[in-house]
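K.L.:
Here's a structure for you.
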């Protein structure tokens, strides 16, 4: 045991070495190296391994009469509500969600953000009296599943990039930026296109980019392209192996921890509420997994700036739920997951701890897709403590 104060004596030589090693191993105390994230307002999962991992909005208390196409907000987000130089966080075209807000409501183009920013006209009438939190989003909830689209031809742009041309024009651009799409039945490429993924998408084509280079062997024809975040059961007799990292859905509950030595322990507490919607074409058992995953970083600045600069290092804790569903589409009851005082003892390095979600179908004859994931109250706190 290290001794203080250190006195001049031969027997104190070991105590001196222990004391110096203890000091060099890093800071001590419960107040050191704390980080975390917390949000109680609704956000939608994007199904993307890159940030932003969710579609979050701006939430403010509001009220409005049933049948009216207008609400009054308590704070439009500007410091001075009538200062045109301090713009409102509410803008024309935003999607509006809240209790008794009409389905599909958006901020109408008559909204006056400069003079009356607290009076917000809507494109859809309220379905009931509005009184409570209302959230404004810059985009509609992202779909976690895009059904297969027929491919006309795949053209090379360069050794990392391909352009997938749809066989027929789509009504809207089907894929979000950063989505990792799956190609099947094409003469050029088949499988999940890993990397930055979608870098451009229109109603006519999508451009995909990979981390590593391919050897160009000509254009590819036929097949389909889709976007999915649900792992399907393998063929009977096939070992599925460990779930691929691309199937882990990153959330915004993440933060950095610095471990200085083997006397450091990481204490993690986390919570996430999730409401899942699905569509099934066969009777299925859907498994939903919530995990605290640890990711290893190389350089601290790169961890902050580039998600691809850290790598999956292990699962610290997880909870799993199963749902038996029939053919059709529905929304499951809200699932609340809590992790309390999880302890991790990794080696000295820089890490990111994150809540990740995994969806998969576990029965051989099942066929289902998670289509929407609505996150509610969620948080993660990380404390590095020297023993």
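Nothing in this text is a laboratory measurement; each read-out follows from the coordinates by a stated rule. As the structure is a prediction and not an experimental result, all values here were calculated from the model. FYI the Cβ positions are ideal-geometry reconstructions off the backbone, even for glycines, and counts take in every protein chain you see.
K.L.:
Assign one of three labels to the range 70-223, namely rounded, prolate or oblate, based on the Cα gyration tensor with a ≥ b ≥ c the square roots of its eigenvalues; rounded applies when a/c is under 1.5, prolate when it is not and a/b is larger than b/c, and oblate otherwise.
P.N.:
prolate
K.L.:
Let me make sure I get this right: for the range 246-386, a, b and c are the square roots of the gyration tensor eigenvalues over alpha carbons, sorted descending. Under 1.5 in a/c it's rounded, otherwise prolate if a/b > b/c, else oblate. Which is it?
P.N.:
Prolate.
K.L.:
OK, next. Please label the shape of the range 146-227 as rounded, prolate or oblate, based on the square roots a ≥ b ≥ c of the eigenvalues of the alpha-carbon gyration tensor (a/c under 1.5 means rounded; beyond that, a/b larger than b/c means prolate, else oblate).
P.N.:
oblate
K.L.:
Starting from the Cα-Cα distance between residue 327 and residue 156, subtract it from 0.36 nm times their residue separation and give me the gain in nm to one decimal.
P.N.:
Residue separation times 0.36 nm, minus the Cα-Cα distance, leaves 57.6 nm.
K.L.:
Here is a further query. Out of 50, 354, 160, any idea which swings most in a Gaussian network model of the chain, alpha carbons joined below 10 Å?
P.N.:
160
K.L.:
For the chain, modelled as a GNM with alpha-carbon contacts under 10 angstrom, which of 167, 114, 330 fluctuates the most?
P.N.:
Result for the chain, Cα springs under 10 Å: 114 fluctuates most.
K.L.:
Taking the chain as a Gaussian network, where each spring joins two C-alpha atoms under 10 Å apart, which residue of 356, 264, 158 fluctuates the most?
P.N.:
158
K.L.:
Only helical DSSP H runs with n ≥ 4 go in: add -39500 (n - 2.57) per run for the chain, normalise by residue count and round the 222 nm mean residue ellipticity to 500 deg cm²/dmol.
P.N.:
Result for the chain: -1500 deg cm²/dmol, rounded to the nearest 500.
K.L.:
Using the 10 angstrom Cβ neighbour count as an exposure proxy, how do 358, 144 rank, fewest first?
P.N.:
Placing the least packed residue first, the sequence is 358, 144.
K.L.:
Exposure proxy check: 338, 130, 107 ranked by fewest other beta carbons within 10 Å?
P.N.:
With the fewest neighbours first, 338, 130, 107 line up as 338, 107, 130.
K.L.:
How many angstrom lie between the Cα centre of the range 255-279 and the Cα centre of the range 141-218?
P.N.:
Cα centroid of the range 255-279 versus Cα centroid of the range 141-218: 33 Å apart.
K.L.:
Would you list 247, 353 from fewest to most Cβ contacts within 10 Å?
P.N.:
Going from sparsest to densest Cβ surroundings: 247, 353.
K.L.:
Would you indicate which of (i) 25.3, 87; (ii) 22.9, 72; (iii) 21.5, 65 is the value of Rg and Dmax of the Cα atoms in Å derived from the coordinates of this structure?
P.N.:
Calculated Rg and Dmax of the Cα atoms in Å: the matching label is (i).
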